[in-house]
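Notes for the one structure printed next.
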Amino acid sequence: MVQVAAHLSVAELQAGYRGSKDATLARHFQVIWLLARGHTVAETAQLTGFVRRWVEELLVRYNRFGPASLGDRRRRNGAKPRILTPQVLAMLRERVKAPPDDGGVWTAKKVAAVIAAELGLTRVAEQRGWEALKAIGWTVQRPRPQHAQAATAEEQEAFKKSSRGWSSRKRSAIPAR
């Protein structure tokens, strides 16, 4: 028989297990609930599909830190804050209305430099500049290169008028062998 700390009652554990919207948190509450009801670690592992070691680890965490230790803790792992916050995007929307400092057109590299200057960073990856442009609704505006001997619009229209149209005869399918 395992010892479960009395952070929550069996009824509260069951409520946490049944009422949680997060699947991982619900499964962890279920493990502690089963252990609190008197099931062994092996039985709990069998019922939940977890391995014994993970059930033991959940129990140790729950006994030591309480209900806050359950659930997917990767979501609160102290990751760096996002660079593209709504405030930065709002500043960028205003900034890109004017041409860049060096003239030309806005590129991901130039936008990344503006973001870095705004946030006081030494450098922001070019990819963040591209993501920022997409986030504020900008698209690629550079025209595609044309071949030096490409036909003009008038020549293209003349070619379309003089070329044969599609055959009105229905094509038969190639029979399978």
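Going from the residue with the fewest nearby Cβ atoms within 10 Å to the one with the most, 62, 17 rank 17, 62. Listing 51, 31 from fewest to most neighbouring C-beta atoms within 10 Å gives 51, 31. Approximating the spin labels as points 7 Å out from Cα along Cα→Cβ, the residue 15-to-residue 53 distance works out to 3.6 nm.
Taking 28 Å as the straight-line reach from the Cα of residue 161, the lysines in range (excluding those fewer than 8 positions away in the same chain) are 170.
Candidates [x] 17.1, 63; [y] 33.6, 113; [z] 31.4, 90; which is the computed Rg and Dmax of the Cα atoms in Å? Given [x] 17.1, 63; [y] 33.6, 113; [z] 31.4, 90, the structure-derived one carries the label [z].
Look at the alpha carbon pairs under 8 Å that are at least 6 residues apart: their mean separation over the length of the chain gives a relative contact order of 13 percent.
The ranking of 115, 136 from fewest to most other beta carbons within 10 Å of each one's beta carbon is 136, 115. Of all lysines in the structure, those lying under 26 Å Cα to Cα from residue 97, and not within fewer than 8 positions of it along the same chain, are 109, 110, 134. To the nearest ten degrees, helix 23-36 and the longest principal axis of the Cα atoms of the chain are 10 degrees apart.
Only the coordinates and a few stated rules stand behind these numbers; no lab work does. None of these values were measured; they are calculated from a predicted model. Note: ideal-geometry Cβ built from the backbone for every residue, glycine included; neighbour counts use all protein chains shown.
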